[in-house]
Every structure is written in C-alpha cells, then in structure tokens.
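Okay, so here's the structure we're looking at.
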Amino acid sequence: MKRLARGALLALALAALVVPPAPVPADAQERVVKIAGVGAMTGVIRGFGINSKAVLDMTVDEINQAGGVKLADGTRAKIVTTFADERCNAEEGISVVRKLASEDWLVVIGPTCSNVAEPLFGILQRKVGDAGDSGLQFPIFSDTAIKPGLAKLSEWAFRNVPHEPTMYNHLFKWLKEKHPDLKTVSGGVESDFAHSNSNSQTMDAAAKAAGFEVLGWEKWLLNDTEFSTQVGKWRRAKPDIIAISSHPFTLCGTLREMKRQGVKPRLLVGLTSSATLETMAGCGPEAEGLIIPTGFAPVTPEAERVAKIVATKYKGNVDLHSAAVYENVHVLKQVIETSGVEAKPATVAQDRRRIRDGLAKVKEFDGLLGQVKRLDDRESLKPYVFAVAKNSDWAVLFDPR
Amino acid sequence: MSDLLLDVVQQVLNGFLFGSSYALIGIGFTMIFGVMDKLNLGFGVTALAGAYSGLLVFHLTRGPFVLVFLTAVVSAGLIGLVIELTCFRWMPRDYPLAPLMATMGMLFFIDEVLAHATHGRPMAFPAPMGELMMDLGPWLLRGDLGFMFLVSLAVMGGLWALVYRTRLGLATRAVSQQPVAAQLCGIGLRRVNAAVFVITGMVGGVAGALIGSAVGNLSPLLSLPLTVKGLVTAVLGGLGSIPGAIVAGLLLGIVEYEALYFFGIGYRDMITYLLLFAFLVFRPGGLLGRGAPH
C-alpha cells in the first residue's frame, strides 16, 4: 500500500513536469501597445524617413526601458513599433496604412510627404461617428507632412508640424523691423513639389503683410540642375531679399548660380525643410547667411540630449520634422495612459477611438523647444527659432520663445 | 542693344553649352541602338553611378579631380559591361521586349542602390572650375559649362577616331550594318557588343562627372532626367547617328533655354516634347538618322 502511494506520488510529480500548464487567459498575457511609423524609406526623400525612424526607435526604447505605458487596468505594456515605407507615393502610402489598419496597430505616426498625407487623410472617416461614412477609423498623427491645413480633412487626422504661416509672418515682420531700409523681395520655388509650392504662397503673403514689395517668383522643378535663367532675372531685378522655397538639391543649385552671377541680396530666406544638415552637406559655404524659421534647434537641454543620442546611437538626425516624432510618441503615451486604452486583441477598434478622442482633447504639451499648443483643427502651434547658416552649420539668429 | 536681345543671346549661349551634356548622354543611347538595334534605358543611370563612384574615391582619398574623373569613366565602363551581360546577353532572344524591360529594371535598381547608399541626400561633387564666370562683352560664359563643352568635343573627336580609324570601329560598323555578314567574316558579335557597352559606359562616365561638376551636387534625382533627355536627344538626332546626337543635344539645350526664358518652367518641357512629337511625325528618322518610312 505504501509502495502504491509512493508510486502514485511519483506519477503525479512526473505528470506535473510533463503536462504543459493550462493556457493563460489572454488578458493575463504580456500586452503591447502597437504604434506604426510610416515614412519614406526609399527614393530621394529617404533621409526624412530614416530620421523619423531613428527618433521613433530612440523614444520607444527610452519609454520601454522606463517601464512602458500604463493601461486601463493598471498593467504596464511595452510599446512595439514597425516602420512602413510610403516611398513618398500616395498610392503606396494609402496601401501601407490600409494594411496596418487591417491588423492590430493602434495608431500611425507619419507620413513623410504632404502629397501622401493629403490623399491618405481623404480615405479616413471624415466625421467621427458618422455611420454613413465608411472611411478608415484609424488615428494618424503626422510628424513631417507640413503642407498647411491638412488635418481638417478628417477628424482622425492629427498633425504636430510647424505652423508655417505663423513662422513666416513673424520672420518677415522681424526682418522689416531689423532692416527697415529693405524694400523688395524676389522669390524662387520648385513648383512641382506640394510643400514648396504652398510655402511660396505663405512666404509671398507674409512678405506683403510685412510691407515688402514682392517683385515676382521664379520657378523651377524638383530635379532641375541649371538655374541661370531664373537667377539671371534676379540679377536684373536686384531685390533686397531673395526667398527660396525649395529643398536642398535645387536650393544648392540656385545658391551656386547666384554666386556665379554675383547675385548678392542683402538677405536670403529659405524653406523650413531646408534647415537641415543636408543643406550644409550640399552647399554649406554658398548657404552662408541663409535665414530659415525652424521648429527644432538644440537650444534646450532636452533637445540637445535627444539630438545627441539619436545621432550617436541611432544614426539619424533630429530636425524640425523628426523632432516631432519624439513629441508625438510622448503625447501618445500620455493619451494612452489617460483614455482607458486596454491593448487587447478584442479592443483594437475601441482603443483606436479612445486614442483619437484623447488626442482631440490635448490642449497643450511639453515639446522639445517648449510648450506646444494644440489647435481646434487638430494642428499644433509650436515654438520656433530663426536659424541662420553660419560657417557651414546652423546657428540661432533669433529666439522668440 | 536691347535687354531682350541680350537675354536671348545669353540663353542661346547657355543652352548651347549645356546642350553638350545632352549630346554626351544622347551619344550613349544612339551608339547602343546603332549596334544592337535595342534601347538601353539604363544608360543615364550608368553615367550617374559612374559619377558616384568618382565621388566615393574623392571621399576616400581627397584626390584631385582627374582621379575622380578617371574613376567615374572606368567604373561607368564596367557598369556598362554588367548591363550588357545582365540585360542583353542573358536575355532570351525570342522576347524582343525583354532587354528593354530589363534595362528599365536596371535603371530603377541602380537608382535605388544610390538612394540607399546616400539616403537620397544630395552630395557635393568637386567642381574643378569652381564658380568661374567669364565676361564676353555683355554676356556671361560659365566656366564649367565651357569646360564641359570642350571635353565633350574631345570625347566626340575620340569617338569619331575610334569608329572610323580603328579595327574595333570597323567591326562595330560592320555589326551595326550587317550583323550576320559581319559574323560570317569572323567578327565576334559578343566581343563587339561588350566593347560598345564598355565604350558607351565610359562616355557616360565622362558625362556623369562633367554634369556632376557643373551641377555641383549629385543626387539620385538626376537619373530620370538624364534618361529622358538622353532618349529625346537620340531620337531627335536620329537613332544610331552619333553626329545627329551631337547636333540634337545642342539644339535641345537652346530650345529649352529659350522656352524657359519666354514661356516659363510650366511650358519648357511641354515645348521639348512637342518638338519630339513633331519630329516623330514629320521626320521620324531624326535630324541625321537613317530615313524611316512615314
């Protein structure tokens, strides 16, 4: 009998070792919050996507190392990310976001290009809760696509990009105060790029509002290589200020041509997206004196810290676009922790709605340069500085914060 | 002299000099077509990749422009050979479209490799002439464009000598005119084709390095314009005609500059393609090409 009991005990012990434990209920499994980045990772705009991804990885690593995000029931979840390539192509952007929406990603940060953001926001549900609108119900929080006014396309679209009209209005007003003797402005724009084009109109309006006479705008295309005709017209017009709304490749081409033809305006103003290291790498000496309003500069301890870590450990650059990724992830963390997100497979749709509603309620947050105000149209009003190209690097010319 | 006349002449001057870059690219397209009767859409990106190779050597050695230039020429020649192997020799002969599509694939493949290697960022390219400008009375002459024009002339002269004064040139012309007869005479078709791809690749390398130095930057953005302008030049000049490509490149440069001056950027390319369309309808053989039936 004793032997039988001993055998039974042994059998039980063996069974305990061999039989797998009963499945853990889904709720008790380690939960994750899934945030997708979408940006250009191929093609000539690839640099923007690489920087956004580097900042996303850095920010999420920091948050996860600090314990992740707190969910509605008090458990802590790690953030999991992916980064999808939209190739600065509208169809591609829509395709990758539809795929992410069909999976269990809760929110998207991106895209890079305004020509992707505009149609992408168009496929989102226009008004929240509109049963007759079958658009995607998926929150998107843009970091880079900067063309003014895009978030109004859908109540699921949010942006944290510099507000260019505010920045350029301030810049031209400030230039007028500092240089009252300057009267005229000539402009140049790469007319086949959505952001450059819209920004030229912003610059034009801002210059006129500040009391400058705008002599006209010369145009070229994104992949043009020769600018002698356009610069020749500036040479003849002799404006006090030349405002160039173009990205680094053609910006550098025009600056070189200006040097060749001896066109020396008293001041040079550039496009927000050109306040980057790309411009310095392409034509630092020619860009000397170029003034650009920008939503990022390493002028606060936190901005300096983030820029340094991203550059050394994540091989990216923090600029006015990618800096927003850091801010967006922190805002999302705050929203997730305060809006009842559960991060369960069964609550994906509800969680997306909670994040959307939470984002809509945010009125301000701490950004890398200071307080960022959120506007009713789901856009940001961000602090900015006026940067100037000096000795092939960027320096702060004026800090209005 | 009125400002208008001054500007018009200045545009002619600029267009003529810048057109030499179109001529060099056009020569590459037209030579390959002349010999193989096929288009190599990867030629423009070959020129660009050669220039990037030169830039790589520059970053590694900080060497003089001559070294950058020679690296661009040699590497573009090698890339040309790779394209000949992968997009033509290994392609099935029963599918005439296969090489065309393969070279299109090669165009985007190399372009993307360049974008990945550089993150798509423009990179400063050494410019031996700097921002030199020469005064020609009331007109300005860009030093780098003048330099490009002179080098282009030298390359064109060299090509002419190669085609008309060497055994390889004789073999190339024979293959171009009667490939079967040329083979029966003992000319190695594969060897001639490979040589043509290497030589045109080297011409592309010259063009890439000169365009890089004139633009001052390299960017993957350049590959499509080089391809399109090269093709337009080759068609306007007459596919297969080297002198035609030279004349058409210079003409195209002038037309573009004048169109830009008078009508603005929105019409510049429109006028270029209208010109192409007019040629295809009224003179399909191009300026100096073989006559084609209407």
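The values are calculated or read from the model by the stated rules, or taken from the named source; none is laboratory data. If you're wondering where the values come from, they're calculated on a predicted model, not measured in any experiment. Every residue, glycine as well, gets a Cβ built from its backbone with ideal geometry; the counts of neighbours run over all protein chains shown. All accessible areas refer to the heavy atoms of the entire protein, side chains included, with ligands and DNA or RNA removed. Shrake-Rupley method; radii C 1.70, N 1.55, O 1.52, S 1.80 Å.
Within region B:112-138, residues that are within 30 Å of residue B:11 (Cβ to Cβ) and free of Cβ contacts under 8 Å to residues at least 24 places away in the same chain sit with their Cβ atoms under 9 Å from residues that are of a type in the set (Asp, Glu) and buried (at least 21 other Cβ atoms within 10 Å of the Cβ), at 6+ positions apart or across chains, in these pairs: B:130/B:144; B:131/A:257; B:131/A:286; B:131/B:144; B:132/B:144. Quick one: count up the residues across region B:107-155 that are farther than 23 Å from residue B:203 by Cα and charged (D, E, K, R). Total satisfying the criteria: 3.
Which residues, taken from region A:201-223, are open to solvent by less than 10 Å² (accessible area, probe 1.4 Å) and either β-branched (Val, Ile, Thr) or within 21 Å of residue B:269 (Cβ to Cβ) (or both)? Answer for region A:201-223, where residues must be open to solvent by less than 10 Å² (accessible area, probe 1.4 Å) and either β-branched (Val, Ile, Thr) or within 21 Å of residue B:269 (Cβ to Cβ) (or both): just A:220.
Residues in region B:90-111 that are in contact (Cβ under 8 Å) with a residue 60 or more places away in the chain and either within 13 Å of another protein chain (Cβ to nearest Cβ) or in a loop (DSSP other than H, G, I, E, B) (or both): B:111 only. Filtered by the rule that a residue be part of a strand (DSSP E or B) and small (Gly, Ala, Ser), region A:348-382 gives a lone residue, A:380.
Of the strands (runs of 3 or more DSSP E) entirely within region A:120-227, those holding at least 2 residues that are within 14 Å of chain B (Cβ to nearest Cβ) and either of a type in the set (Gly, Ala, Ser) or touching a Gly at 6+ places or on another chain (Cβ under 7 Å) (or both) occupy A:184-190, A:213-220. Please state which of the following conditions residue B:129 fails to meet, knowing it meets all the rest: (1) under 24 Å from residue B:215 (Cβ atoms); (2) modelled with pLDDT under 90; (3) assigned to a helix (DSSP H, G or I); (4) open to solvent by 30 Å² or more (accessible area, probe 1.4 Å). That leaves (3) as the condition not met. Screening region B:174-249 for helices (runs of 4 or more DSSP H) wholly inside it with 1 or more residues that are within 14 Å of chain A (Cβ to nearest Cβ) and in contact with a strand residue (DSSP E or B) (Cβ under 7 Å, 6 or more places away or on another chain) returns the ranges B:189-215.
Name the single residue that is farthest from residue B:127 (Cα to Cα) among those in region B:61-84 being open to solvent by less than 50 Å² (accessible area, probe 1.4 Å) and without any contact (Cβ under 8 Å) to a residue 40 or more places away in the chain. Don't jump to the end; show me each part of the working.
To start, the set of residues in region B:61-84 that are open to solvent by less than 50 Å² (accessible area, probe 1.4 Å) comprises B:63, B:65, B:68-69, B:71-73, B:75-77, B:79-80, B:83-84.
After this cut, where a residue has to be without any contact (Cβ under 8 Å) to a residue 40 or more places away in the chain as well, the list is B:63, B:71.
Working: B:63: 13, B:71: 15 Å.
Per the criteria, the residue is B:71.
Summed over region A:383-401, residues that are in contact with an Asp or Glu (Cβ under 8 Å, 6 or more places away or on another chain), open to solvent by 60 Å² or more (accessible area, probe 1.4 Å) and in a strand (DSSP E or B) total 1.
Here's the yes/no breakdown for (1) crowded, with 18+ Cβ neighbours inside 10 Å; (2) in contact with a Lys or Arg (Cβ under 7 Å, 6 or more places away or on another chain); (3) modelled with pLDDT under 95:
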site: A:25; (1), (2), (3): no, no, yes
site: A:35; (1), (2), (3): yes, no, no
site: A:39; (1), (2), (3): yes, yes, no
site: A:53; (1), (2), (3): yes, no, no
site: A:83; (1), (2), (3): yes, yes, no
site: A:87; (1), (2), (3): yes, no, yes
site: A:98; (1), (2), (3): no, no, no
site: A:105; (1), (2), (3): yes, yes, no
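Search region A:63-85 for residues that are free of Cβ contacts under 8 Å to residues at least 12 places away in the same chain and pair each with any residue that is open to solvent by 40 Å² or more (accessible area, probe 1.4 Å) when their beta-carbon atoms are under 9 Å apart and the residues are at least 6 apart or on different chains. What qualifies is A:67/A:76; A:67/A:78; A:76/A:70. Taking the criterion of being in contact (Cβ under 8 Å) with a residue 40 or more places away in the chain, within 19 Å of the chain's Cα centre (by Cα) and open to solvent by less than 20 Å² (accessible area, probe 1.4 Å), the residues of region A:347-366 that qualify are A:355, A:359. Of the set (1) open to solvent by less than 50 Å² (accessible area, probe 1.4 Å); (2) in contact with a helix residue (DSSP H, G or I) (Cβ under 7 Å, 6 or more places away or on another chain), all apply to residue B:202 but (1). If you scan region B:89-114, which residues turn out to be out of contact with any Leu (no Cβ under 9 Å at 6 or more places or on another chain) and closer than 22 Å to residue A:222 by Cα? Across region B:89-114, the qualifying residues are B:108, B:109, B:112, B:113. Just one of the listed residues (A:303, A:275) is more than 10 Å from chain B (Cβ to nearest Cβ), under 19 Å from residue A:384 (Cα atoms) and in contact with a helix residue (DSSP H, G or I) (Cβ under 8 Å, 6 or more places away or on another chain), and it is A:303. Whether any residue in region B:45-60 is surrounded by fewer than 24 Cβ atoms within 10 Å (Cβ to Cβ) and part of a loop (DSSP other than H, G, I, E, B) is what I want to check. No, region B:45-60 contains no residue that is surrounded by fewer than 24 Cβ atoms within 10 Å (Cβ to Cβ) and part of a loop (DSSP other than H, G, I, E, B). Against the list (1) within 26 Å of residue A:51 (Cβ to Cβ); (2) touching a residue at least 40 places away in the same chain (Cβ under 8 Å); (3) of a type in the set (Phe, Trp, Tyr); (4) open to solvent by less than 10 Å² (accessible area, probe 1.4 Å), the condition residue A:172 fails is (1).
If you go through region A:150-167 and keep only what is open to solvent by 10 Å² or more (accessible area, probe 1.4 Å) and either at pLDDT 95 or above or in contact with a helix residue (DSSP H, G or I) (Cβ under 9 Å, 6 or more places away or on another chain) (or both), you end up with A:152, A:153, A:155, A:165. Just give me the residues in region A:71-81 being under 25 Å from the mean Cα position of the chain (by Cα) and open to solvent by 20 Å² or more (accessible area, probe 1.4 Å), in sequence order. Those that are under 25 Å from the mean Cα position of the chain (by Cα) and open to solvent by 20 Å² or more (accessible area, probe 1.4 Å): A:78, A:80, A:81.
State whether one or more residues within region B:2-19 are closer than 21 Å to residue B:126 by Cα, open to solvent by less than 50 Å² (accessible area, probe 1.4 Å), touching a helix residue (DSSP H, G or I) at 6+ places or on another chain (Cβ under 8 Å) and not in a helix (DSSP H, G or I). No, because not a single residue in region B:2-19 is closer than 21 Å to residue B:126 by Cα, open to solvent by less than 50 Å² (accessible area, probe 1.4 Å), touching a helix residue (DSSP H, G or I) at 6+ places or on another chain (Cβ under 8 Å) and not in a helix (DSSP H, G or I). Among the residues making up region A:228-252, those that are facing chain B (nearest Cβ under 8 Å) and free of Cβ contacts under 8 Å to residues at least 40 places away in the same chain are A:228, A:229, A:232, A:236, A:248, A:252. Among the residues of region A:258-309, the ones that are within 12 Å of residue A:368 (Cβ to Cβ) and in a loop (DSSP other than H, G, I, E, B) come to 6 in all.
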